[in-house]
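J.: Questions regarding the structure given below will be posed in turn.
All of the numbers you see were taken from the coordinates with simple rules; none came from a lab. Computed from a prediction, not measured in an experiment: that's the story for all the values here. Virtual Cβ from ideal backbone geometry, glycine too; neighbours counted across all protein chains shown.
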Amino acid sequence: MKEGIHPKSYRKVVFKDMSNDHMFICQSTVDTKETIKWEDGTDYPLFKLDISYKSHPFFTGQSMFVDTAGRIDKFKRRYQKKAD
């Protein structure tokens, strides 16, 4: 590895898939303000994911729609007015 370019602040972080509540822990430098109590009773920083390997169609083999931004509701509101 090249000297002086890699971060030194690695710590254990809990990653939570918000589409199915699957959580896993690994080393990361991600910045987060939330914490969560892990199975071992220790508090770890929490980083929320929209999608992970437990919910991604490539890994699961099935199609799964996740509307995290409310885009469908926004679309329906916008075009419902024009249809009336």
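J.: At 7 Å along the Cα-to-beta-carbon direction for both I51 and E39, put a label point, then send me their distance in nm to one decimal.
T.: Simple spin-label model gives 2.7 nm for this pair.
J.: Moving on to the next point. With labels modelled as points extended 7 Å from the Cα through the Cβ direction, what inter-label distance (nm, one decimal) is found for I25 paired with Q80?
T.: Reported label-point gap for I25 and Q80 is 4.4 nm.
J.: Give the aspartates and glutamates reachable from K76 as a straight Cα distance under 17 Å; neighbours fewer than 8 places away on the same chain don't count.
T.: D67, D84
J.: Using per-residue counts of other Cβ atoms within 10 Å, averaged over each peptide, order 41-50, 10-19, 25-34 from highest down. Provide the component values of the computation, followed by the final result.
T.: Values: 41-50: 13.5, 10-19: 16.1, 25-34: 11.0.
Output ranking for 41-50, 10-19, 25-34: 10-19, 41-50, 25-34.
J.: What lysines could a cross-link reach from K74, if we take a straight Cα to Cα line under 21 Å and drop same-chain neighbours fewer than 8 places away?
T.: Qualifying lysines at Cα under 21 Å: K82.
J.: Can you list the aspartates and glutamates whose alpha carbon is less than 16 Å from that of K8, not counting same-chain residues fewer than 8 positions off?
T.: Here the aspartates and glutamates satisfying the reach criterion relative to K8 are D31.
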